[in-house]
1. Collect the residues in the range 168-227 that are small (G, A, S) and open to solvent by less than 30 Å² (accessible area, probe 1.4 Å), keeping them in residue-number order.
2. What number of residues within the range 277-302 satisfy the criterion of being free of Cβ contacts under 8 Å to residues at least 60 places away in the same chain and surrounded by 17 or more Cβ atoms within 10 Å (Cβ to Cβ)?
3. Please work out which one of (1) open to solvent by less than 30 Å² (accessible area, probe 1.4 Å); (2) touching a Lys or Arg at 6+ places or on another chain (Cβ under 8 Å) is the condition N317 fails and give its number.
4. Would you mind stating whether V259 is in a loop (DSSP other than H, G, I, E, B), in contact with a strand residue (DSSP E or B) (Cβ under 6 Å, 6 or more places away or on another chain) and in contact (Cβ under 8 Å) with a residue 12 or more places away in the chain?
5. Between a first residue in the range 77-93 that is under 12 Å from L35 (Cα atoms) and hydroxyl-bearing (S, T, Y) and a second residue that is open to solvent by 50 Å² or more (accessible area, probe 1.4 Å) and not in a loop (DSSP other than H, G, I, E, B), which pairs have beta carbons less than 7 Å apart while being 6 or more apart in sequence or on different chains?
6. Could you check the range 143-152 and list, in sequence order, the residues that are more than 19 Å from P111 (Cβ to Cβ) and open to solvent by less than 10 Å² (accessible area, probe 1.4 Å)?
Amino acid sequence: MTSKRDFPTVDMTPWQGRKDPEPNSERWHQCIRPLQDDTPPGSVLIGFASDAGVARNQGRPGAAAGPSAIRRALAPLAWHRDGPAYDAGNVSCQGDALEAAQDTLAERLAPLLDAGHLPIVLGGGHEVAYASWSGLARHLETRERAPRIGIINLDAHFDLRDPAYVRSSGTPFAQIAEQCRDRGWPFRYACLGVSRAANTRVLFQRAEALGVLVREDRDFVPQRLDAIVRDVERFAARCDHLYLTIDLDVLPAAEAPGVSAPAARGVSLAMLEPLIEAVRDSGKLRLADLAELNPDFDVDARTAKAAARLVHLLTLNG
């Protein structure tokens, strides 16, 4: 059961847009509702307003404003869902209190998953990934002894930095690997869109040691796309549950200028969509998030619009 007391009052003011007179012309802002007690299962948006991890990682702060920007960009998009969608408000990181904010988000995600919802977390820096996974772990730990959670990360970066130095937006998957080791759970991680120029040798070595499925940005060319989709499908087949995390800096800077670390090359939205559809349609997707939108550096809301399209795509089969 989803309890209203677990969530703050939801600010619905970003959900505004045009209204067309024709029938069957609804848009997101007309259909999404604030999350309340005992709502039927659907897609639930919850924001993670944090850039503490980005600041710790020496990136460009400003991602804390990302959740609201995504909502504003999603609001006017056409509604094609059959199932409901809800807004569960934001978890906000106060100052550098990153670990507390991550714990709060995990606490709020677990009951959503218990209730059968598909949470989609709107970031915020990619430190959201550790919180998202922790929420899924809390949901599964009382149900399965060693759940096979497959993490699919669309990202220019591994985010496998050693958390012994500092926990940041660059460490979430190393933190998750440690948690899996301590719990006796398998660690299954695919990182797609990696930039060799943006990841040091030690990160490639760590990814190899952890058995990470790696596809670099330069692998994403039309003649190889079907093979990469098959790689994702095979990866999913070896998992019981999937967690999809999308760092918007995987996109080229021309498509996503409003991120902490814009990509010189990147992977186009057109190339990413078939991968996202494969994950969405697998029947195993339990949780998704989008990270690193920084409205301070966005141009014509390009990055926010790309993020909104990705949310729209993730929820099309609902």
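The values are calculated or read from the model by the stated rules, or taken from the named source; none is laboratory data. None of these values were measured; they are calculated from a predicted model. Quick reminder, even Gly has a Cβ in these numbers, built from the backbone with ideal geometry, and neighbours come from all protein chains shown. Ligands, DNA and RNA are stripped out before the accessible areas are found, and what is left, the full protein with its side chains, is counted by its heavy atoms. Shrake-Rupley method; radii C 1.70, N 1.55, O 1.52, S 1.80 Å.
1. Residues satisfying the conditions are S168, S169, G170, A174, A177, A190, G193, S195, A207.
2. Matching residues across the range 277-302 total 4.
3. (1)
4. no
5. What qualifies is Y86/R33.
6. G150, I151, I152
Conditions (1) among the hydroxyl-bearing types (S, T, Y); (2) out of contact with any Gly (no Cβ under 9 Å at 6 or more places or on another chain); (3) at pLDDT 95 or above, marked per residue:
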residue: Q36; (1), (2), (3): no, yes, no
residue: I46; (1), (2), (3): no, no, yes
residue: N57; (1), (2), (3): no, no, no
residue: A65; (1), (2), (3): no, yes, yes
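Yes or no, residue by residue, for (1) out of contact with any strand residue (DSSP E or B) (no Cβ under 7 Å at 6 or more places or on another chain); (2) of a type in the set (D, E):
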| residue | (1), (2) |
| --- | --- |
| P14 | yes, no |
| E22 | yes, yes |
| D37 | yes, yes |
| A55 | yes, no |
| G66 | no, no |
| D82 | yes, yes |
